[in-house]
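S.K.: First the structure, which I've put down as C-alpha cells, then a few questions once you've had a look.
The values are calculated or read from the model by the stated rules, or taken from the named source; none is laboratory data. Just so you know, these numbers come straight off a predicted model, no measurement behind them. Note that we place each Cβ from the backbone using ideal geometry, even for glycine, and neighbour counts take in every protein chain shown. All accessible areas refer to the heavy atoms of the entire protein, side chains included, with ligands and DNA or RNA removed. Shrake-Rupley method; radii C 1.70, N 1.55, O 1.52, S 1.80 Å.
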Amino acid sequence: MAEELGKAAEIMGKGKNGVGFGKVDITIEKELQKEFDIKKTPDLKLFFEGNRSEPISCKGVVESTALVVWLRRQISQKAFLFTDTQQVVEFVKSRPLVIIGFFQVLGSRGGRCLFDW
C-alpha cells in the first residue's frame, strides 16, 4: 500500500492543489495510533482543511488510480455553508482563489449561501 500511496502522490502532484501525502509508522507513533483508532494497517485517512477530529476513512482502496479517484471525489463533495458575512470574509481572505455560488433556495436551508471548493 505504501508504494500505491507514493504513486497516488505522483499522480496528484506532490504539494500541488493543496494536497499533502504522508506516512506514519504506528509501531513508533503509538499516540497517533490511539488518537485515530488504528486497529489494522494499512489504514488511510483524509484530513480535510486540517480537521484532526473528523478524518474520513478510505476503506477498501488499494490501488493508486482508485485512490486518486476517491480523493478527488472526497474533495469535490466538500461544501461550506455560511450563515453570516464575517464567516464569508474570513473564508475569502484565507484562500488564494475562491469560487462562490449564490442561490435562492438550498433545499430546506432557505436563502443561505453555499460555498463549494
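S.K.: Scan region 7-51 for residues that are closer than 15 Å to VAL61 by Cα and touching a helix residue (DSSP H, G or I) at 6+ places or on another chain (Cβ under 8 Å) and jot them down.
M.R.: Restricting attention to region 7-51, the residues satisfying the condition of being closer than 15 Å to VAL61 by Cα are 7-9, 40-46.
Within region 7-51, LYS7, ALA8, PRO42, LEU44, LEU46 meet the criteria.
S.K.: Right, here's the next one. Suppose we filter region 5-61 for residues that are modelled with pLDDT of 85 or more, of a type in the set (Asp, Glu) and outside any helix (DSSP H, G or I); how many remain?
M.R.: Within region 5-61, residues that are modelled with pLDDT of 85 or more, of a type in the set (Asp, Glu) and outside any helix (DSSP H, G or I) number 4.
The rows are residues; the columns are (1) within 30 Å of PHE91 (Cα to Cα); (2) of a type in the set (S, T, N, Q); (3) open to solvent by 60 Å² or more (accessible area, probe 1.4 Å).
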| position | (1), (2), (3) |
| --- | --- |
| GLU3 | no, no, yes |
| MET12 | yes, no, no |
| LYS23 | yes, no, yes |
| GLU35 | yes, no, yes |
| LYS40 | no, no, yes |
| ARG52 | yes, no, yes |
| PRO55 | yes, no, no |
| LYS59 | no, no, yes |
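S.K.: On to the next question. Taking the condition of being open to solvent by 50 Å² or more (accessible area, probe 1.4 Å) and free of Cβ contacts under 8 Å to residues at least 60 places away in the same chain, how many residues in region 61-78 meet it? Give the derivation first.
M.R.: Here is the first cut: in region 61-78, the ones open to solvent by 50 Å² or more (accessible area, probe 1.4 Å) are 62-63, 65, 69, 72-73, 75-78.
Then keep just the ones that are free of Cβ contacts under 8 Å to residues at least 60 places away in the same chain; that gives 63, 65, 69, 72-73, 75-78.
Counting residues in region 61-78 that are open to solvent by 50 Å² or more (accessible area, probe 1.4 Å) and free of Cβ contacts under 8 Å to residues at least 60 places away in the same chain gives 9.
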